[in-house]
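Scroll down for the structure; my scribbles are underneath it.
The values are calculated or read from the model by the stated rules, or taken from the named source; none is laboratory data. Source: prediction; values computed, not measured. Glycine gets a Cβ as well: all are built from the backbone with ideal geometry, and neighbour counts include every protein chain shown. The accessibility values were calculated without ligands, DNA or RNA, using every heavy atom of the protein model including side chains. Shrake-Rupley method; radii C 1.70, N 1.55, O 1.52, S 1.80 Å.
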Amino acid sequence: METVFEPQSSLLDIVLLRTFLAVMEQGSFTQAAERLALTPSAISGHVKRLEEGIGVRLLRRTTRRVEATPAGDTLHAYARNIVALEREVVARLRGTQIEGRIRVGASEDFASTWLPKALHAFQLRHPDASIELRVGITADLLEQQSRGKLDVVFGKQCALADERGEMLWEEPLVWAYAERAEFDANGVVPLAVFPEPCVYREAALAGLSAGARRWRLAFESSSMAGCTSAALAGFAVTPLALSQLRPGLRQLGAEAQMPTLPNVRFYAFLHKRTPATHSLVKAVCDAGGWGM
């Protein structure tokens with residue numbers, strides 16, 4: 001049974017909501033504190049004030065992370081919209097208007113998975129802005145950015161990025177294979193990967209090597225759609241971020257003798273922070289379900 005508090009206020013403080021969102025998205029008070037440049041005790045105090053104000057328990061701590069109660073899940077859905085609406089209202093009242101061209105670089109998985117929804121939301125908010133998009137490997141895009149050719153790059157890493165990178169979210173990297181196809185847990189692993197250099201490829205080969213699994217390169221493509229098609233056909237196994245699994249694919253784990261892969265971290269690399277790049281980064285976070 002959930003703990004019930006006596007409500008002390010009916011107001012939803014926007015600062016407390018931002019803290020609550022950070023805890024939900026980071027999964028811990030400590031990481032939320034780092035993101036918001038606050039102390040863990042301040043984060044805890046904000047959540048306590050929010051719970052007391054609303055009158056219900058929102059979060060429960062486990063040995064590994066913070067989890068939402070049913071009430072917390074409900075508030076999470078509303079809070080993202082409330083905070084986004086607050087930003088939009090402030091921008092309109094201040095007369096903030098974003099115009100001109102934004103030069104964007106995106107890894108292929110970003111471009112095919114989250115970017116379409118993000119661009120749609122960005123265009124609705126800023127109809128006078130335009131986007132120039134280049135799709136490629138993160139390392140190549142960052143090199144172009146260093147030469148002043150890109151304003152923002154969306155890419156991924158399986159290790160911490162340098163100080164230029166702003167981590168948007170992280171999630172498990174998993175082995176994806178056809179849902180209905182049989183998989184030989186003791187056989188040679190047929191692998192579908194991007195050409196070098198690719199962080200998914202590097203993580204997959206390192207994991208197989210560490211787990212002493214035999215493998216063969218069955219399919220290589222510079223397109224995520226190609227690697228995903230190979231997995232859907234049962235032709236090969238491909239590494240994907242967990243949120244990129246789609247109907248027809250299943251995750252292979254310990255039952256298939258497949259090694260655990262590291263988390264993949266998604267980043268925004270900004271040439272310089274402007275209202276335009278900030279708004280676009282926020283739209284990407286919202287599209288990925290990790291609102292800022």
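Rounded, prolate or oblate: pick one for segment 171-261, where a ≥ b ≥ c are the square roots of the eigenvalues of its C-alpha gyration tensor, a/c under 1.5 means rounded, and failing that, prolate if a/b is larger than b/c, else oblate.
Numbers: a/c = 1.26, a/b = 1.04, b/c = 1.22.
Cα axes put segment 171-261 in the rounded bin.
Counting only helical runs of four or more DSSP H residues, what would the 222 nm mean residue ellipticity of the chain come to if each run contributes -39,500 (n - 2.57) and the total is spread over all its residues?
Values: 10 runs with 120 residues, N = 292.
That comes out to -13000 deg cm²/dmol.
Sorted by packing (mean other beta-carbon atoms within 10 Å per residue), highest first, where do 103-115, 236-248 land?
Result, highest mean first: 103-115, 236-248.
Could you sort the peptides 51-57, 178-184 by per-residue average Cβ neighbour count (10 Å cutoff), highest mean leading? Write down the numbers at each step before the final one.
Working: 51-57: 17.6, 178-184: 13.0.
Highest to lowest by the protection proxy: 51-57, 178-184.
In whole percent, how big is the carbon plus sulfur part of the accessible area of segment 14-94, probe 1.4 Å, protein atoms only?
Numbers: 2420 of 4550 Å².
Carbon and sulfur together cover 53 percent of it.
At a 1.4 Å probe, what is the % contribution of carbon and sulfur to the accessible area of segment 171-261? Don't skip to the answer; put the middle values down first.
Numbers: 2240 of 4390 Å².
Carbon-and-sulfur percentage of accessible area, whole number: 51.
Report the full-extension gain for the segment residue 257 to residue 61: residue separation times 0.36 nm, less the Cα-Cα distance, to one decimal in nm.
Details: separation 196, 0.36 × 196 = 70.56 nm, distance 3.17 nm.
So the extension gain works out to 67.4 nm.
Compute the accessible area per residue over segment 152-292, keeping the other protein chains in place, probe 1.4 Å, unit Å². All intermediate terms of the calculation are to be shown ahead of the outcome.
Values: 6340 Å² over 141 residues.
I get 45 Å² per residue for this part.
Using a 1.4 Å probe, what is the accessible area per residue for segment 14-94, in Å²?
For segment 14-94, the solvent-accessible area averages 56 Å² per residue.
Quick one: compute the contact order of the chain, relative version, from alpha carbon pairs under 8 angstrom and 6+ residues apart, as a percent. Present the calculation step by step, with values, prior to reporting the outcome.
Details: 490 pairs, mean separation 58.2, N = 292.
This gives 20 percent for the chain.
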